[in-house]
Structures are given as C-alpha cells and as structure tokens.
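Here's the structure, in structure tokens; my notes come after.
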Protein chains: 2
Amino acid sequence: MNVELISVGTEILLGNIVNTNAAYLAEQCARAGLACYYQTVVGDNHDRLKETLENALKRADVIILSGGLGPTEDDLTKETAAEVMGMELVEDAACRQALQDYFAARNMEISENNWKQALVPQGGRALINQNGTAPGIIMEKDGKHVILLPGPPVELKPMFEQYVFPYLNALEPEVILSQTVKICNIGESRAEMMVKDMIDEQTNPTIATYAKTGEVHIRVTAKAGDEAAAKKLLKPIVKELKKRFGSDIYSTDETCTLEKAVADLLCAKNLTVTTVESCTGGMLGSRLVNVPGISDIYKVGLITYSNKAKRRLAEVKKTTLEKYGAVSEQVAKEMAKGAAMMTRADVAVAITGVAGPDGGTDEKPVGLVYIACSVCGKVTVRKNRFQGGRQKIREAAVSAALTLMRQCILEYYSEVTFGDRK
Amino acid sequence: MNVELISVGTEILLGNIVNTNAAYLAEQCARAGLACYYQTVVGDNHDRLKETLENALKRADVIILSGGLGPTEDDLTKETAAEVMGMELVEDAACRQALQDYFAARNMEISENNWKQALVPQGGRALINQNGTAPGIIMEKDGKHVILLPGPPVELKPMFEQYVFPYLNALEPEVILSQTVKICNIGESRAEMMVKDMIDEQTNPTIATYAKTGEVHIRVTAKAGDEAAAKKLLKPIVKELKKRFGSDIYSTDETCTLEKAVADLLCAKNLTVTTVESCTGGMLGSRLVNVPGISDIYKVGLITYSNKAKRRLAEVKKTTLEKYGAVSEQVAKEMAKGAAMMTRADVAVAITGVAGPDGGTDEKPVGLVYIACSVCGKVTVRKNRFQGGRQKIREAAVSAALTLMRQCILEYYSEVTFGDRK
C-alpha cells in the first residue's frame, strides 16, 4: 500500500511557514508500513487542489490532506475532497456538539461561519478535534482512502496519533518496526564507512545513517508478519552495530537525546554538574535544562563572557588569561576547575572559543573552541575546530561538550576508554 | 511568470528531514516576483522524477529542482533533467577544475565517481559551488527555465543568492519589494484585528501578518515598474503601521532580530546587562549571545536553577524563598536586584517559572513565569502564563524577557510608556 501527502496552504507556497507537517506525516506513514512516493503542496485554490487530489488518487491508495479546514471562505479542502469523492456534505450532530462545547469552555461566542466546520461528507467519518474547531475526516470509497487533517501541528499530531495511525496500521497486514542507534564522538563519513558493508548487504531490515549536529543516528527498519518476527529481525543487526560502535553509542531509545543520556549518567553516578560558558553563552545550560527533572543534579551554571567574569566567577588566573588568551587550553582548564570549586559541583564543563563572525586570527581562527571537563578533580581538555556560521559553531560546541562529559564520566569510572575518532 | 519547486530526496519522503529548502526557495521566489502554485517532493527515482518534471513543465515557466546532485549512483536529478530537456551531458572544464581545487584545498583524494559532478548539460550553464562539490545548473529552452541546485542548505542558499536570484529577477520585468514591520508586546489576534481594515482594502501593496514566538511580523509587499516606484507604494503603508503600533515596533529592518534590537538599545544607552535564569537555564543568555559583538555589554550571566544558587549568586533572601516560593513575583524581583548588584550591571533580567511537564500546582500551574527587569535600580516585574510544552514555554519566556527589557529601558529614559496589550 502506498500513501501520498498533500499539504494545502498558500502560506507554505509563499515560504512563510516550513512544512513540518509533511515531515511528521511522512515519518508516521513509514512507521505504519506505507510507502510514500510523492508529497505535494498546493494553495487554497479549488481547481488546483481538485487536480492535485485527482492525480494522487490515480497513483496512491491512501491520500492524506492537511490544512484548509478552517471556518473561512478561503478554506475549501473539505468541500473539494467531498466533490472529488462524490460525497455530499451534511451536518454531523457530534461535530456540532463538539463545536458548541469548544466555544462554551472558552467563554467565546460562536460565529456563524464556524458551523461550516460541523459539515461532514456523507459516508465519511468525523474525527473530533480535542485542540481546535476543525474535525478531521476519513473517507473510503472503491478501495481508496482520503484523510483530511487540520493544519496546525498541535491539532494534527494528536488527531493522527489517536485516530489515523491505528486506521493506517489496520490497512497494512505487515508490521514495520524500527530502532535507532544513536552515536556520538564519531563523524558521519566515518560512521558510514563503518557500516557500508551492512547497508549494501541488507534488504530487510534496511539500515540508514542520518547526520545530526555532533551525532550520527543509524536507523534499522524491519518488515514482518507480526511484531515478534520484526523484533527478531532487528535484534542481530542492532547487536552487530553495538559491537562495531561500542561505547560511542549513547542510546538505542527513540526518545532519548544526548543531553538526556548525559543527565541519566550523572544521576546514576549521583554527580552534580555545573557549566561555565563563554562563546555558547548559556546554550549548554539551556540544553541540559531541556531534560525534565534536571534540577536534582544541575543547580547552577555560569555565563562568563568577559575575562573579568572568568576571573571572578570561575577563578581563572589573570596571568593565565594574559599569557595564553581567553581561548586556550589553559583557560578552559582553569574555568572547569574553578567552576567546580566555586559551585561545589562534582562535574564541571567549560567552553571557550571563537564563534565569529569577527574576532578570528591566524593563530585562533573562527571555529576554534576548547572544551574542558572536570570529573571529581580530574580535568580533560579537548581542542575543536568547527565549521559554519556563528550559530552552527555554537551548536556544535554544545554537542561536543555533552559528548566529552559523557566520555569523561565513563572513563573516570574506568568503564571504557575513548579514542578521538572524529 | 510562475515557478514550481521540486525537491528530490528519499530522506524527505521518509520524513527523516524537514524540507526547509522549499520554504527558503518559496520565500525567495516570492521576493523575485514569481508566483508559485505547486511544490512537489519526489524520491531519487528516474521514472517518477521524469514524470514530475514533465508535469511541472506543462504548468510553470521556471522549475527549480533541489537535491540529487551528489556523486553516487542514487543521484540522478541532473541526468533526468538533461534527458527531459533533450540535452546531452558533457564535461565542463571549469567544473573539473573546481572539483580538483576543492579536494586539493582539503587535502583529500578525489574518488572516481566524483568526476560525474563535472558533467553539465550541453547548452546549460554551470554554477560553481563554493561550499561543496556539486555545481548548480541553469538550463533554458523554448521559454522554459530549469534550475538545479544542490540539496544541502549550506550549499543551496549561497548559490541561490549569488546566481539564481539575479537570474530570476531579470526574468520578471516588475520589481517586487517588501518590508517587514516587527512587533513585540502584542498578541497575533490583536495585531490582526488592528490591521484587518488595511489587509481587506489593499491589493498593492499586500499586507500579511505572521505569528512568531512572542512576536508578530507584518510584511508589506509592493509590485511596481521600478524600485523607486515600489518604495513609494510601501512608504505610506509602513507609515500607517508605525502610527498604529507605535513603540511596540522594534524594527522595520529585515535582518534585525528582537535580541539585536535590545542589544542595540543597550549599546545606544551605554548600559551593561546581566541575566539570571531559572527555568530557561541559559536560553536568554544564549539568545543575547546570538548577536555578534554583544561582549561589549554582556559580561556575565547566571543560571540559578536551585534555591541555593539563587541565594548565593543572586542574593535572594532565604525568607523570601520560604514565604513566597521560588516561582513568585518577590523572588523574581530579588533575583534581578541581586544579580545587578553582584555583577555590577546596569540592567538585570530575571526569569523564574514552572516549565513543566511536572511541578505544576493549582496555585502555580505549568506555564506560570515571572520575569523581572531592573534598569539602574528601578525594578519591574511581569507575571506571564504561557501555553504549550516545556520547550515552548521556555522559548516564550525568553521572548517575553527581551520584550520587557526593551520596554523598561525605553520607559526609564521616559521615551514612552507601554501598556500590557497581550
């Protein structure tokens, strides 16, 4: 079975918004085992939308349209889809009630044009919207499935999860299961080289690598008659990946981020942590704070942008700053040591670098970043040379800092030794 | 003239990456005065790509394809486009040289399949890639323009700016000019209401509102025979918007961000600034550090996640914490005052709130955030109630903090008084 995605919205055609819905729906359809060969974006225009939908019906079994279900005259996805499917629009009592409830709960008056949202193609199924006023719709006719979803992601995603994913899953007899192996400390090309033979040999499961900032994700996807059989196919591949990448794998859990893996490690070892940032200006702290419950181990962080702040808050010596400059191995080391002492944290990470666009020299070019990590007094410093603009360099530095923290903690507890394999 | 965008890449169809190229290209094409009615995504598949391109050629004057120009066998955008256009691929000497130079500069050996990237459709124009190995290509035949661009945004964007935008601009006799009026302190629906009459009345220039986190952007776009005439059309509309939104407009400059506007204001008043963050954990500091050259005024920031850190680094009183709790007006105020004193900064901003997902109570629900700003000793506190998940709440808090800083500085210097118009 295959699926085609049609995103409806002039604001996407004008580049005013990025089409994140298509990425979400594509990923979910792959998860449900449906192949997707085309995605189309079309404006809120009856003729073009009709042509696009008719075209999609010729080549796909399932068509998911998103957007254009609002109450205004511009919104005509439902009207056009019903026309193409040869279904008449009729008022749905449950939808009318849901609309009334929605407005009543918000103490808002319902306007006349809102009632349009209670209309449903006869024979179609309405999906109640818990987060907005436009119901979703599922239509089925002659073996073709047309699904309409509201455009706002906060409405589309929960509706997809609750109604559409189970519906699609039931269409496909096969189960698709995937697992992501998440790797840090290794560059993309090296990681690709390390699994090239596996990618070339495998057809089920398939293996694919994805580069993220400072990380590489390898996704293994298996297709089988039932979940147990799919799991059985995944197991030896994941095992082989674990053998090849060893401790550079920080997680095989879909929802785990690098900062979450580091936070879990800190919690497991009962270690408190502090950050002392120069060029990243709080970005590492902010990323750690992405993890709910981090307050148990992350009590305080320092943003020491000026030399004076480095001296006063992290006890970096004036002579060190003068002799080596703020962007140096020595200053990074003293920042980490000083911050650990000043905040009485077990682990301290320091970042100092040249994020650009100005301030680079031949000796210290834009992208040069020193990262130091102190674990219970043992300090490791790493020199990095990142590419890209100011924002890219800072993001890369934060990922590298998380990677270094992870390594230093694991090494301190003598669990593993890491090489520098970038 | 109209344009159609075709993004080539199986990774987009699988939802592994978000199609940001399409949004960028769509926005740029609108800037160049080209109408766009369709965007399509298709995989690295010869037959489907050919069909998609042929279809696009029937309905558009300009077709921009991105992706699929790599050196591997999977990449076949160039081969397919040349076939559809009836052009033969021949080696281009300049492209060959550029490839050699690219690899030599990186001390890398060139592999055999890379030479494929030096092939160009005969009669087409190669666009040298400064940031990668795949050249872009412009083909013209029978009044149709087919443009190929490499997929990675870091390669696509500079190439578009340098070669493609001037090329498209020359195709359109009319000049399109737009200006964005950037507003803070006002919610989207209120801003829309305030300009609804203008949106309804205007056809040239057109007026459109865009909601950003904590901001609203109003874009005014004029079409005219030359730049001077377009500017003349824009002027009265922008003037009217300035009249309606007054000091809530932080910039009318396309490249200016809210943090840049705040940084410029601090510099203009010769004020140093510090941040003291709880639930945002460094995100405000990180956003200020987005602005190059911020080091002149932003010397130090504090991340005081724990109560102890609030007491020790920002001198918040133990009794205040006990009496009102960490998320309170009183603590926010003391954080700002204390941080200003401790770091000797002229301006201090404090953020304390419940970002969730846990930790909310009836009295202090998830999304409750207090923001305090001290300007030369005068402290203002604002209570906010943000919606969404942990990340959304934190982003909204940072935008609100920047907005409050801007207001407090302007009010301190008695330039304006602000109401709370959310």
Requested in this report: Using per-residue counts of other Cβ atoms within 10 Å, averaged over each peptide, order A:345-356, A:109-120 from highest down.
Outcome: A:345-356, A:109-120
Requested in this report: Order B:Ser66, B:Ser414, most accessible first, counting only protein heavy atoms with a 1.4 angstrom probe.
Outcome: B:Ser414, B:Ser66
Report task. Calculate the dipole size of segment B:1-160 relative to its Cα centre from +1 charges on Lys and Arg beta carbons and -1 charges on Asp and Glu beta carbons; express the result in debye to the nearest 20. Result -> 520 debye
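Within 10 Å of each Cβ of A:288-294, how many other protein chain Cβ atoms are there on average? Walk me through the numbers before you get to the answer.
Numbers: counts 4, 13, 6, 2, 6, 3, 2.
Across the residues of A:288-294, the mean count of other-chain Cβ atoms within 10 Å is 5.
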Report task. Beyond 18 Å between alpha-carbons counts as too far, so tell me which of A:Lys310/A:Lys337; B:Lys50/B:Lys78; B:Lys337/B:Lys378; B:Lys308/B:Lys383; A:Lys318/B:Lys299; B:Lys182/B:Lys243 fall in that bin. Result -> B:Lys308/B:Lys383
Query raised in the report: Is the shape of segment B:1-137 best called rounded, prolate or oblate, per the rule: a/c under 1.5 gives rounded, else a/b larger than b/c gives prolate, else oblate, with a ≥ b ≥ c the square roots of the Cα gyration tensor eigenvalues?
Result: prolate
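Ignoring ligands, DNA and RNA, how do B:Asp197, A:Asp248 rank by accessible area with a 1.4 Å probe, largest first?
Numbers: B:Asp197 65, A:Asp248 5 Å².
Largest accessible area first, the list is B:Asp197, A:Asp248.
Where the only charges are on Cβ atoms (+1 Lys, Arg; -1 Asp, Glu), what is the dipole of segment A:172-315 about its Cα centre, to the nearest 20 debye?
Details: 21 positive and 19 negative charges, 149 e Å.
The dipole magnitude comes to about 720 debye.
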Report summary line: Sorted by accessible surface (1.4 Å probe, heavy atoms of the protein chains only), largest first, B:Arg382, A:Arg311 come out as A:Arg311, B:Arg382
Query raised in the report: In terms of Cα to Cα distance under 16 Å, which aspartates and glutamates are near enough to A:Lys144, apart from those fewer than 8 places away along the same chain?
Result: A:Glu4, A:Glu54, A:Asp61, A:Glu83, A:Glu172
Query raised in the report: Considering the dipole of chain B built from charges on the beta carbon (Lys and Arg +1, Asp and Glu -1) around the Cα centre, which of B:Val84, B:Trp115, B:Gly359 is farthest to its positive end?
Result: B:Gly359
Report summary line: Comparing B:Val90, B:Val273, B:Val175 in a Gaussian network model of chain B (Cα, 10 Å), the one with the largest mean-square fluctuation is B:Val90
Requested in this report: Determine which chain B residue has its Cβ at minimum distance from the rotation axis mapping B onto A, giving the value in whole Å.
Outcome: B:Gly282, 1
Report task. Run through the other copies and list how far each one's label point is from that of A:Gln391, in nm with one decimal, shortest first; the point sits 7 Å from Cα along Cα-Cβ. Result -> 1.4
Query raised in the report: Rounded to the nearest 500 deg cm²/dmol, what is the calculated helix-only ellipticity per residue at 222 nm for the protein assembly as shown, with -39500 (n - 2.57) per DSSP H run of length n ≥ 4?
Result: -12000 deg cm²/dmol
Query - Cα pair count fraction exceeding 16 Å, expressed as % - segment A:48-97 - result: 48 percent
Query raised in the report: Just B:Glu240, B:Glu73, B:Glu411 to compare: in a GNM of chain B, with alpha carbon springs under 10 Å, which one fluctuates most?
Result: B:Glu73
Requested in this report: Enter the angle in degrees (range 0 to 90, nearest 10) between the Cα long axis of helix A:20-31 and the first principal axis of the Cα atoms of chain A, meaning the one along which they spread out most.
Outcome: 80 degrees
Query raised in the report: For segment B:119-247, with the dipole built from +1 on Lys and Arg beta-carbon atoms and -1 on Asp and Glu ones, taken about the Cα centre, which of B:Ile237, B:Asn131, B:Leu168 lies farthest toward the positive end?
Result: B:Ile237
Requested in this report: Grab the beta carbon distance between A:Lys58 and B:Glu411, set R0 = 45 Å, and tell me the FRET efficiency rounded to 0.05.
Outcome: 0.10
Query - Dipole magnitude (debye, nearest 20) for the protein assembly as shown, charges at Cβ of Lys, Arg, Asp, Glu - result: 4560 debye
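Let me have the relative contact order for segment B:266-422, percent, based on Cα pairs under 8 Å that are six or more residues apart.
After rounding, I find 21 percent.
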Query raised in the report: For the protein assembly as shown, what class follows from the C-alpha gyration tensor (a ≥ b ≥ c being the square roots of its eigenvalues): rounded when a/c is under 1.5, otherwise prolate if a/b is larger than b/c, else oblate?
Result: rounded
Query raised in the report: Can you tell which of A:Val347, A:Gly151, A:Leu49 lies farthest toward the positive end of the dipole of chain A, using +1 and -1 charges on the Cβ of basic and acidic side chains (Lys, Arg; Asp, Glu)?
Result: A:Val347
Requested in this report: Quick one: grab the alpha carbon gyration tensor of chain A, order the square roots of its eigenvalues as a ≥ b ≥ c, and give me rounded if a/c is under 1.5, else prolate or oblate depending on whether a/b is larger than b/c.
Outcome: prolate
Query raised in the report: Along each of its three principal axes, how wide is the spread of alpha-carbon positions in segment A:207-284, in whole angstrom units, largest first?
Result: 52, 28, 22
Query raised in the report: With axes computed from alpha carbons, what is the tilt in degrees of helix B:93-105 against the longest principal axis of chain B, rounded to the nearest 10 within 0 to 90?
Result: 40 degrees
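Relative contact order for chain B: what is it in percent, counting Cα pairs under 8 Å that are at least 6 residues apart? Don't skip to the answer; put the middle values down first.
Values: 795 pairs, mean separation 43.2, N = 422.
It rounds to 10 percent for chain B.
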Requested in this report: List the distances, in nm to one decimal, from the label point of B:Thr206 to the label points of the same position in every other copy, shortest first, placing each label point 7 Å from Cα along the Cα-to-Cβ direction.
Outcome: 3.7
Query raised in the report: Roughly how tilted is helix B:227-245, in degrees to the nearest 10 and between 0 and 90, from the longest Cα axis of chain B?
Result: 20 degrees
Query - Among beta bridges that DSSP assigns inside chain B, antiparallel share in %, nearest 5 - result: 60 percent
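Counting only other chains, what is the mean number of Cβ atoms within 10 angstrom of the Cβ of each residue in peptide B:37-50?
On the way: counts 8, 8, 11, 6, 12, 4, 5, 0, 1, 0, 0, 3, 0, 0.
The mean count of partner-chain Cβ atoms within 10 Å per residue comes to 4.
Count, for each residue of A:271-281, the Cβ atoms from other chains sitting within 10 Å of its Cβ, then give me the mean as a whole number. Display every interim value, and only then the final one.
Values: counts 0, 1, 0, 3, 3, 1, 6, 2, 2, 4, 15.
The shielding value for this peptide is 3.
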Query raised in the report: Roughly speaking, what is the centre-to-centre gap between segment A:148-226 and segment A:260-326 when only Cα atoms are used, to the nearest Å?
Result: 34 Å
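The values are calculated or read from the model by the stated rules, or taken from the named source; none is laboratory data. Only a predicted model underlies this, so the values are computations on that prediction, with no experimental measurement involved. Don't worry about glycine lacking a Cβ; one is built from the backbone with ideal geometry, like all the others, and counts go over all protein chains shown. What goes into the accessible areas is simple: the full protein's heavy atoms, side chains included, and nothing from ligands, DNA or RNA. Shrake-Rupley method; radii C 1.70, N 1.55, O 1.52, S 1.80 Å.
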